[in-house]
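**Student:** Sharing a structure, written as structure tokens. Questions coming.
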Amino acid sequence: MRKKKFQLSKIYLAVIMLLTYLPLAMVVIFSFNDSKLTVSWKGFTWRWYEELLADSAIKEALFNSIILGVISCAAAAVIGTLGAIGMARVNYKTKGMMEYLSTIPIMVPEIILGMVFMAFFSLLGLPFGMTTLVIAHTAFCIPYVFMMVKARLVGIDKSLEEAARDLGASPVRIFWDITLPLIMPAVASGCLLAFAMSFDDVVISIFVTGPRTSTLPIKVYTQLKTGVTPEINALCTVILVVVVLVLLISSLFRRKSKVETK
């Protein structure tokens, strides 16, 4: 009976893995196809990656995505870290509710967030472009940093800060010399995860971008309207590799943070 259940679980896992990763594998494989049609294989080639590197519009969109991700994650790191530390050091009845509200941007559907941001920026009269993109991406990146730092603060021995306080260290000195080094792996992990989310976001970006500003996911989305080409497959493969690398580095930081906590 146990053997039968084990076999069924293996079959179930195999089906899930197949449905999840087969489409990704097909995109990667056909990015090397020597044919403009994505329905038949005619040989191996690097031509589509060469054309991708020569596309100035793609390069500009990639540069915008990187700049957007770096600025958004930097701002989210400061706000999310300070918010998590502040939450950890205060006690009041509505603390749990405030922590829950801080993670709402992750749970709300992106299309709703995009519409809300668009209405909000229109109300303020902000010109749509890189500025509105940075504000919107920072808002939904903050919870990732907040949750990582909050989880790390739970495992920190409070006696370290109390000892430093007894020795006459100021709150600023305690933060820079004790708290920040201890939570830095969590901050880095949250930033990398937030960067991955910002880098491949398309729904929110469409609502808040301007006519002269385009990010890489938006560029891919607009080109898909004219049909999938091997160049699009090559671009999707590059994005996939970048996101996977960022997530792997983020997981390494999370493991380091857990080891230091123990």
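The values are calculated or read from the model by the stated rules, or taken from the named source; none is laboratory data. Quick caveat, the model's predicted, so the values are computed rather than measured. Cβ coordinates were reconstructed from backbone atoms using ideal geometry, including for glycine residues, and neighbour counts include every protein chain displayed. Surface accessibility is based on the protein's heavy atoms, side chains included, excluding ligands, DNA and RNA. Shrake-Rupley method; radii C 1.70, N 1.55, O 1.52, S 1.80 Å.
**Student:** Please work out if K42 is in contact with a strand residue (DSSP E or B) (Cβ under 7 Å, 6 or more places away or on another chain) and either within 30 Å of R212 (Cα to Cα) or loosely packed, with under 12 Cβ neighbours inside 10 Å (or both).
**Tutor:** Here the answer is yes, as K42 does meet what is asked.
**Student:** Then there is this: Test each condition in (1) over 20 Å from the mean Cα position of the chain (by Cα); (2) surrounded by 13 or more Cβ atoms within 10 Å (Cβ to Cβ); (3) more than 30 Å from P171 (Cα to Cα) for F117 and report the one that comes out false.
**Tutor:** Of the numbered conditions (1) over 20 Å from the mean Cα position of the chain (by Cα); (2) surrounded by 13 or more Cβ atoms within 10 Å (Cβ to Cβ); (3) more than 30 Å from P171 (Cα to Cα), the odd one out for F117 is (1).
Residue-by-condition table, conditions (1) surrounded by fewer than 16 Cβ atoms within 10 Å (Cβ to Cβ); (2) not aliphatic (A, V, I, L, M):
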position	(1), (2)
H137	no, yes
I142	no, no
V149	no, no
A163	yes, no
G168	yes, yes
R173	yes, yes
D177	yes, yes
I183	no, no
A188	no, no
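**Student:** Another question, if that's okay. Could you tell me how many of the residues in the stretch 151-161 are open to solvent by 30 Å² or more (accessible area, probe 1.4 Å) and among the basic types (K, R)?
**Tutor:** Of the residues in that region, 1 qualify.
**Student:** Only one of (1) in a helix (DSSP H, G or I); (2) in contact with a Leu (Cβ under 8 Å, 6 or more places away or on another chain) is not met by I156, so which one is it?
**Tutor:** Here I156 clears every test but (1).
**Student:** Now, a different point. Considering the stretch 181-204 alone, what residues qualify as being touching a residue at least 40 places away in the same chain (Cβ under 8 Å) and more than 18 Å from the chain's Cα centre (by Cα)?
**Tutor:** The answer is L182, I183.
**Student:** Tell me, which residue of the stretch 214-241 that is among the β-branched types (V, I, T) and open to solvent by less than 30 Å² (accessible area, probe 1.4 Å) is nearest to R47 (Cα to Cα)?
**Tutor:** Looking at residues that are among the β-branched types (V, I, T) and open to solvent by less than 30 Å² (accessible area, probe 1.4 Å), I get I232.
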